[in-house]
1. Here are 152, 173, 164: which of them is open to solvent by less than 10 Å² (accessible area, probe 1.4 Å) and small (Gly, Ala, Ser)?
2. Show the residue pairs that are 6+ apart or on different chains and have beta-carbon atoms under 6 Å apart, the first residue being within the range 133-145 and in contact (Cβ under 8 Å) with a residue 24 or more places away in the chain and within 15 Å of residue 51 (Cβ to Cβ), the second being of a type in the set (Phe, Trp, Tyr) and part of a loop (DSSP other than H, G, I, E, B).
3. Restrict the check to the range 303-316 and report whether at least one residue is part of a loop (DSSP other than H, G, I, E, B) and of a type outside the set (Lys, Arg).
4. For the range 238-297, give me each residue that is assigned to a strand (DSSP E or B), of a type outside the set (A, V, I, L, M, F, W, C) and under 23 Å from residue 389 (Cβ atoms).
5. Cβ contacts < 7 Å: first residue among the aliphatic types (A, V, I, L, M), restricted to the range 51-73; second residue assigned to a loop (DSSP other than H, G, I, E, B) and open to solvent by less than 50 Å² (accessible area, probe 1.4 Å), any location; separation 6+ or different chain. Result?
6. Out of curiosity, is residue 19 part of a loop (DSSP other than H, G, I, E, B), polar (S, T, N, Q) and open to solvent by less than 20 Å² (accessible area, probe 1.4 Å)?
7. If you take just the helices (runs of 4 or more DSSP H) that sit entirely in the range 64-155, which of them hold at least 2 residues that are within 24 Å of residue 47 (Cβ to Cβ)?
8. Here's a check for you: in the range 189-238, which residue that is at positive phi and either among the charged types (D, E, K, R) or under 21 Å from the mean Cα position of the chain (by Cα) (or both) is least open to solvent (accessible area, probe 1.4 Å)?
Amino acid sequence: MNTFGIGGSTIEAELNAITPNTHLVVPIQKEEFQYRINKACKLMKSQNKQAMYLHAGTNLFYFTGMKWSSSERMVGAILFQNGSLHFIAPEFEKGTILDFMLISGRVNCWEEHESPYELFAKILVDNNVTEGAIFMDEATPFFIIDGINKVAAYTLEDAKSITAGCRMIKSDAEIAIMQHAMNITLEVQKAAARILRVGISAKEVTDFIHNAHIKYGIPSGSYFCIVLFGVDSSFPHGVKSPKNLEENEIVLIDTGCQLNDYISDITRTYVFGKANDLQKSIWNIEKETQQAAFNAAKLGNTCEDIDNAARVVLESHNLGPDYKLPGLPHRVGHGIGLGIHEWPYIVRNDKTILASGMTFSNEPMICVPNEFGIRHEDHIMMTEEGPEWFTKPMYSIEDPFGINQNN
C-alpha cells in the first residue's frame, strides 16, 4: 500500500489553493516590550547588577523593539537597573535610530574617528556607575568586549541570566504568533508531500516550499529549508548535492518561516511509495522515542531528563548508545522563539528546570548510515498543566499526516 497524502498533485495546483492568513495574528505590542524591560530590571536588581548592554540583534529587539543588524560598528543600548535606556550609535545613524525607536531612550553618538568604547564608559559614569560588574549581551562580538576592556575597568559578565531568563518564558502573545507560524508550516509540509513525483529534485521542492510560505503571507518565504531523499536523509543537515527522488525512498523535509519575528520549525519524514521493513521499524521507533521525550517534559523535570528519556527508548531497541550510530547523533531538541535555536536546550547536562512558558523542539532523529535518517520534529509548549504540542506528531508511516485516520 502506498502512503496516504503523498504525491498526486502539482506545484501549480497547490500554490493556487493557498489563501493568505498572516493578517489573523497580532505582532508584539509596545506594552509588552516595556513589560520585558521592567522584568529585566527586576532581575538585575535581584542579582545586584547596575546595567546591561544589549547589542544590535535579537536581544536589542526583544527588550526595546528596535530592529538593527549587528555590523562592524558598535550599535546597541545600555539598560540601567532603574529602567532608563541609553542607545549607542554612530552620529550619522542618529536619525535612523530615532526613526526605529519604539521604547524611548537617550541616543548617545560617536563620530567615526571617536571611540564608542569610551562613550560606553562615559554613559556608565554619567549614570553613577563607576565600578563593578556590567552585564553584556552574550551575542556581543569580541571586538566590542575587547574595546571596552582596554578603556574601562569594569568587570564584563555574561547577561545570559537576564536575556535567557526572560526570553525562555514566552508570553501568550508570543505563543499565539508561534502557533500561527507552526500551523502555516505544517500546511506547507502537507502540500509539499502532495507535489512529490519520481525524479523531482530537492531544489524543486525547496522552491515550492519557499513560494508556498510567501503565498500564505510570509514575505520572506522560508526561513530555511532542508529537503533530502533516500540515503541523503541520513545526514541530519543535508548534503552538498542532494539527489532526485526515486520510488520507495525516504523523504525528509525540515523547514520553517518567520512570522512577526518568531520562527516555526517542523520536520516530516515518510516514504514515497511503499515502505520496506527497515523503514517501518525505524520510523516506528522514532515515533516511540519522540513520545517518550514528550512524556518526560514534566514541570519540575530538567532539560536533560527529556534527552535521557529518549535515549532509554533508543537503547532498548539496540540503537546507540549515546551518540553512536545507528542512533541519535545530536541533542533531542532546542528552544525556539526569535531565534531558531535558543534556550532552553534539550541535552544532557542541561539542568534547566522546565517551567510554564518554555517552548522547544522534540526531534530525536535516528540516523542509519548508508541507508536513511528518520526525524519527526514537533515543538512543545510548557503550560501550567504540563506539555502541549504546537503541532500533532506524525500518525503512522502509512498515513503520516493523519488523512485517513477517521475513515
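1. 164
2. Listed pairs, sorted by first residue: 134/154.
3. The answer is no; no qualifying residue exists.
4. 254, 255, 256, 258, 262, 267, 268, 269, 270
5. 51/129; 52/159; 54/137; 56/68; 56/75; 60/66; 60/68; 66/101
6. no
7. Hits in the range 64-155: 116-126, 142-151.
8. Among residues in the range 189-238 that are at positive phi and either among the charged types (D, E, K, R) or under 21 Å from the mean Cα position of the chain (by Cα) (or both), the one least open to solvent (accessible area, probe 1.4 Å) is 221.
The values are calculated or read from the model by the stated rules, or taken from the named source; none is laboratory data. The structure presented is a predicted model; accordingly, all values stated were derived computationally and were not measured. Cβ atoms come from the backbone with ideal geometry, glycine included; neighbour counts cover every protein chain shown. Surface areas here come from the heavy atoms of the whole protein model, side chains and all, with no ligands, DNA or RNA. Shrake-Rupley method; radii C 1.70, N 1.55, O 1.52, S 1.80 Å.
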